[in-house]
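Engineer: Submitted below is the structure of interest, expressed as C-alpha cells.
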Amino acid sequence: MINLDLYAPLMLPKEELFTSGHRACQGCAEALAVRIVCKALGRNSIVAMATGCMEIVSSPLPTTAWQIPWIHVAFENAAAVASGVESGLKALMRKGRLPHKKITIAGMAGDGGTADIGLQALSGAMERGHDMIFVCYDNEAYMNTGIQRSSATPFGASTTTSPAGKVKAGQETWKKNMPEIMAAHGIPYVATACSAYPIDLYEKVKRAALVKGPAYVHCLSVCPTGWRIPSGDAIRYGRLAVETAAFPLYEVIDGKYQLTFDSPKLKPITDYFKGQGRFRHLTPEAVARIQERITRDYEKLRAKCENVNK
Amino acid sequence: MTEPSRKKIGVEVSIAVSEAVKQCDVDVVSAYPITPQTHIVEHLAELVAQGELDAEFVPVESEHSAMSVCAGSVAAGARTFTSTASQGLALMAEIVYCVSAMRLPIVMVVANRSLSSPLSIWNDHSDAMMVRDSGWIQVFVENGQESYDHIFWCFRVAEDEKSLHPVMLNMDGFILTHTIEPIEYWEDEMVKKYLPPFQPKFRLHPEHPLTMGAFGPPEIFTECKKAQDQALIATMPVIEKAWEEMEKICGRKYSAVETYRAEDAKTLLVTMGSFSETARVAIDEMRETGEEIGLVSLRLWRPFPFEKFRNAVKNAENLIVIDRAMVFGGPGGPVASEIRSALYSGKKRPRIVNFIAGLAGRDVQPDDFYQMVQHAKTKIKDGTEDEYEIYGVRE
C-alpha cells in the first residue's frame, strides 16, 4: 500500500500550469501546493492572487510562471478581485458578449492574506455567494516579509514578531480556525488539505471546482525557511502535522463534516515538533499544554464528523 | 450636427447620473453605501431589480472591496461603474492607485465630501485631492446637466484603446447630488452613436492567458512609471475629441478650461466644480458695477491642461484662486499650488491670491465671491497676496 502512495502522484495531469523557473525557496511545499491546485483547476481557470510569497516568486516582470490567466492587485483583496472576475464574466455571458463556457475562478492567498488582512474581503465574497474557489496556502506566518507571526501561527511557535525570549515562549495565542469560520458562512464546500497529500489536495480542489457557489480549501503548506527545518523535509513535516492532528484533514460538504484522514492512534505532538527550529525553545510543560489542546480539538472535530466510529 | 433633443425634465442629479450609467448599459456595478453617494447606487440597484438594467450589482462589504471587484470585472472585459465619497475613497485609495497603473478603465463618480476628523458628511474637495496623484483622469463638473453628460464622456474616454485609464467624475456632494435640476436626457440612439461598445484588447480569459499586475523589480519599476506618466499625458487628444464629439451629439460644448467674461478682465477668479456656477452670477453682478473681472473654470484636473490654462490667463494681472480643500502646513490650497507651478516659468506672471472656502458644505454665495475679490485687492495693495487665507472663519 505504501508503494501505491508513492506512485499515485504520477496519475496527476502532466501539464504544468504553474511552471518551473519561479523563485520559490528550495523545498517550498507551498509552490508544490500551487502546482497541484493548478493541475486540479485545469486550463479553463482564472486565478486572482494576493500579494505574498507565491505572487512575488511567480511574476517578476517581465517573466511569469502562470500558464493560465492570472491577476494580482493587492494584499487583502484577492477574494474581492476574484468575485469581480466572476461577476464580470457572468454578466458578459448572460448578455451574449462572451460565449457561454464553464470557467473556474479561484482566489488565492497566504494565511495573512486570508485570516488577517484579507478576512473581510473573503467573508464578503463567500457571503455574497459567488461561484468561486478560495484557496488559502497556510505556511503559518508572514514568510514573504521575514517570518512575522499571523493569526494562523500555532501556539508556541517562535517568529520574528513573536520571538521566544527569556520571558516569552513564542506565539501566545492559538491558531485561528479559518476552516470553521468559512463553514460558519454556510457555503457548500469547505476542506482542509496539505501538499504532503497531493492526491487528496488534488481531489478536494476538483470537488471544490464542481460545487455551484463558493468553496474554500485551506491548505497547510510547509515552509522550510520559516519553520527552520531542512529543505528536504517539507513533505515529512506535512505528514506529521496531519498524523499528530496538529492539522487534521477534513471536509464540510453542505454542512456535513467528514474526516478524510483518521488514525486510530495519533502520533504524539513531540514527533512533529522535534527538529523544527520554531518550536525548539518549548519546555515539556508547554508541549504538554499544546498536546492537551490538540487532543481536545481533535475529539471535538471527530464528534462532528459523520464518517467515524464514535 | 444632430438636432439636439430639447425635452428637459426636473430630476435629482444623482438619479440623472444613474440613468446615464444605465444608458451606457454597464455590466457590473459594485459599491458600498456612503453619504452623499447613496442615491446614485440605490437607483442603480433599483434599475437592476426592476430588470431595466441587465448588470451584476455587487453590494460589497467595503469600498476597498468595491474597487477590487471593479478591478476584477473590468479585467474580465466588463463595463464597470462604482461611486463613493470621502472616507470611502480614503479606504479604497490603495486600489485606486493600483487600477490606474494596471490600465483598468473603471468609471467612478466621487460625490465630493470632506474627510474626517471631525466627521462631516458635507461637501468639499479634500477627498479628491487625497488621490490627486493616483494616475486617474479626473474631472470636476459644475451642474446637473454636466454631471449627466459626463457619464457618457467618462466611459468613452476610459475605454478608448488609446486611453485605457480609469476616470473619476467629481461632483460636489449634496450641492449637486441632492439638487433637483432641469436635465435634458440623451436619446438611447445618441448614446449608441457616441459610446462604442467596450472591446478590450486584453482581458482575463482562458483562451489567451496573460499575467496582470505582476511584480516590478527595481530594474523595471522606473520604466513602468515613466510609461504610465506618458500614457496619462497622451490621453489629452482622446479627452478633447470626446468633448468635440459630444457637442456634435447634444449641442453642449465643454472643454478642459472654460472662461467667462474673461477677455478684457484684469482680474480672474479661478474655480473648480459647483463654485464656478455661483461665481458666474457674482461676476455678472460685479461687472455691472464696473469691475473688470472674469472667470476661469477648471474642469479637467488630471492630466492638467497646462497649455490651455496658460492661454486662458495670459492677459490677466491678478488671479484669485478659490480652493475647496486644505493643504496643512503647505503653500496654500491644492489648486493654487498647482497654478503657481504651472505659471512659474512664464515671462509674465500674474499675482496669485488664494482663498480656501466652502469647507464641509459651508455655503459660498455670490456675495462671498464679491467679498473675496475686495479682500484680494487689499491683500495685493498690502503685498500680502502670497499668504493664503481661509475665508469666512468665525474668530
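Engineer: Just name the residue that is surrounded by the most Cβ atoms within 10 Å (Cβ to Cβ) out of those in region A:178-196 that are in a loop (DSSP other than H, G, I, E, B) and under 12 Å from the mean Cα position of the chain (by Cα).
Structural biologist: A:Ser195
Engineer: Let me ask another. Check off (1) free of Cβ contacts under 8 Å to residues at least 60 places away in the same chain; (2) under 21 Å from the mean Cα position of the chain (by Cα); (3) over 26 Å from A:Ile147 (Cα atoms) for A:Leu6 and give me the number that stays unchecked.
Structural biologist: Among (1) free of Cβ contacts under 8 Å to residues at least 60 places away in the same chain; (2) under 21 Å from the mean Cα position of the chain (by Cα); (3) over 26 Å from A:Ile147 (Cα atoms), A:Leu6 violates only (2).
Engineer: A:Ala80 versus (1) within 7 Å of chain B (Cβ to nearest Cβ); (2) surrounded by fewer than 22 Cβ atoms within 10 Å (Cβ to Cβ); (3) under 23 Å from B:Gly216 (Cα atoms): which is the lone unmet condition?
Structural biologist: Answer for A:Ala80: the failing condition is (2).
Engineer: Here is a further query. Go through (1) within 22 Å of A:Ala234 (Cα to Cα); (2) not in a loop (DSSP other than H, G, I, E, B) and name the single condition A:Phe155 misses.
Structural biologist: (2)
Engineer: Could you list, in sequence order, the residues of region A:277-303 that are outside any helix (DSSP H, G or I) and surrounded by fewer than 14 Cβ atoms within 10 Å (Cβ to Cβ)?
Structural biologist: Answer for region A:277-303, where residues must be outside any helix (DSSP H, G or I) and surrounded by fewer than 14 Cβ atoms within 10 Å (Cβ to Cβ): A:Arg280, A:Thr283.
Engineer: Would a scan of region A:239-254 turn up a residue that is within 22 Å of the chain's Cα centre (by Cα) and without any contact (Cβ under 8 Å) to a residue 40 or more places away in the chain?
Structural biologist: yes
Engineer: I'm trying to understand the selection: among the residues of region B:97-144, which are without any contact (Cβ under 8 Å) to a residue 60 or more places away in the chain, among the aliphatic types (A, V, I, L, M) and closer than 17 Å to B:Ala158 by Cβ?
Structural biologist: Residue satisfying the conditions is B:Val131 alone.
Engineer: Please find, among A:His130, A:His100, the residue that is assigned to a loop (DSSP other than H, G, I, E, B) and surrounded by 23 or more Cβ atoms within 10 Å (Cβ to Cβ).
Structural biologist: A:His130
Engineer: Find the residue count for region A:83-99, including only residues that are under 25 Å from the mean Cα position of the chain (by Cα) and more than 7 Å from every other protein chain (Cβ to nearest Cβ).
Structural biologist: Total meeting the criteria: 1.
Engineer: I've got another one for you. Consider region B:333-356. How many of its residues are part of a helix (DSSP H, G or I) and aromatic (Phe, Trp, Tyr)?
Structural biologist: 1
Engineer: What tally of residues in region A:21-38 results from selecting those that are more than 13 Å from every other protein chain (Cβ to nearest Cβ) and either in contact (Cβ under 8 Å) with a residue 40 or more places away in the chain or closer than 23 Å to B:Ser73 by Cβ (or both)?
Structural biologist: 12
Okay, residues lined up against (1) under 30 Å from B:Ser68 (Cβ atoms); (2) within 23 Å of the chain's Cα centre (by Cα); (3) in the same structural domain as B:Asn354 (by TED's automatic domain parsing); (4) modelled with pLDDT of 95 or more:
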{"residue": "B:Ala214", "(1), (2), (3), (4)": "yes, no, no, yes"}
{"residue": "B:Pro218", "(1), (2), (3), (4)": "yes, no, no, yes"}
{"residue": "B:Asp229", "(1), (2), (3), (4)": "yes, yes, no, yes"}
{"residue": "B:Met246", "(1), (2), (3), (4)": "no, yes, no, yes"}
{"residue": "B:Glu263", "(1), (2), (3), (4)": "no, no, yes, no"}
{"residue": "B:Thr278", "(1), (2), (3), (4)": "no, yes, yes, yes"}
{"residue": "B:Gly294", "(1), (2), (3), (4)": "no, yes, yes, yes"}
{"residue": "B:Trp301", "(1), (2), (3), (4)": "yes, yes, yes, yes"}
{"residue": "B:Pro305", "(1), (2), (3), (4)": "no, yes, yes, yes"}
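Engineer: Still on this structure: Mind checking which residues of region B:106-124 are touching a Leu at 6+ places or on another chain (Cβ under 9 Å) and buried (at least 24 other Cβ atoms within 10 Å of the Cβ)?
Structural biologist: B:Val107, B:Met108, B:Val109, B:Val110, B:Ala111, B:Asn112, B:Arg113, B:Ser114, B:Asn123, B:Asp124
Engineer: Does A:Asp131 satisfy the criteria of being within 14 Å of chain B (Cβ to nearest Cβ), touching a helix residue (DSSP H, G or I) at 6+ places or on another chain (Cβ under 7 Å) and modelled with pLDDT of 95 or more?
Structural biologist: yes
Engineer: Tally the residues that are assigned to a loop (DSSP other than H, G, I, E, B) and crowded, with 17+ Cβ neighbours inside 10 Å, restricting the search to region B:179-205.
Structural biologist: 8
Engineer: On to the next question. If I go through region B:127-145 residue by residue, how many of them are surrounded by fewer than 24 Cβ atoms within 10 Å (Cβ to Cβ) and part of a helix (DSSP H, G or I)?
Structural biologist: Number satisfying all stated conditions: 3.
Engineer: Going by what's in this entry, would A:Arg43 be described as in a loop (DSSP other than H, G, I, E, B), farther than 26 Å from A:Met132 by Cα, without any contact (Cβ under 8 Å) to a residue 60 or more places away in the chain and basic (Lys, Arg)?
Structural biologist: no
Engineer: Just give me the residues in region A:83-97 being outside any helix (DSSP H, G or I) and buried (at least 21 other Cβ atoms within 10 Å of the Cβ), in sequence order.
Structural biologist: Within region A:83-97, no residue meets the criteria.
Engineer: Taking the condition surrounded by fewer than 18 Cβ atoms within 10 Å (Cβ to Cβ) and modelled with pLDDT of 95 or more, does B:Gln50 pass?
Structural biologist: Spelling it out, B:Gln50 is indeed surrounded by fewer than 18 Cβ atoms within 10 Å (Cβ to Cβ) and modelled with pLDDT of 95 or more.
Engineer: Identify all residues within region A:50-75 that are more than 7 Å from chain B (Cβ to nearest Cβ) and under 20 Å from the mean Cα position of the chain (by Cα); write none if there are none.
Structural biologist: A:Ala50, A:Thr51, A:Gly52, A:Cys53, A:Met54, A:Val57, A:Ser58, A:Ala65, A:Phe75
Engineer: Output the residues belonging to region A:39-49 that are of a type in the set (D, E, K, R) and either out of contact with any strand residue (DSSP E or B) (no Cβ under 9 Å at 6 or more places or on another chain) or at the interface with chain B (Cβ under 9 Å from one of its Cβ atoms) (or both).
Structural biologist: A:Arg43
Engineer: Select, from A:Val252, A:Val211, A:Val222, the only residue that is modelled with pLDDT of 95 or more and either touching a Gly at 6+ places or on another chain (Cβ under 8 Å) or surrounded by 24 or more Cβ atoms within 10 Å (Cβ to Cβ) (or both).
Structural biologist: Only one candidate passes the filter, namely A:Val222.
The values are calculated or read from the model by the stated rules, or taken from the named source; none is laboratory data. Everything numeric in this text was worked out from a predicted model, so none of it was measured. Don't worry about glycine lacking a Cβ; one is built from the backbone with ideal geometry, like all the others, and counts go over all protein chains shown.
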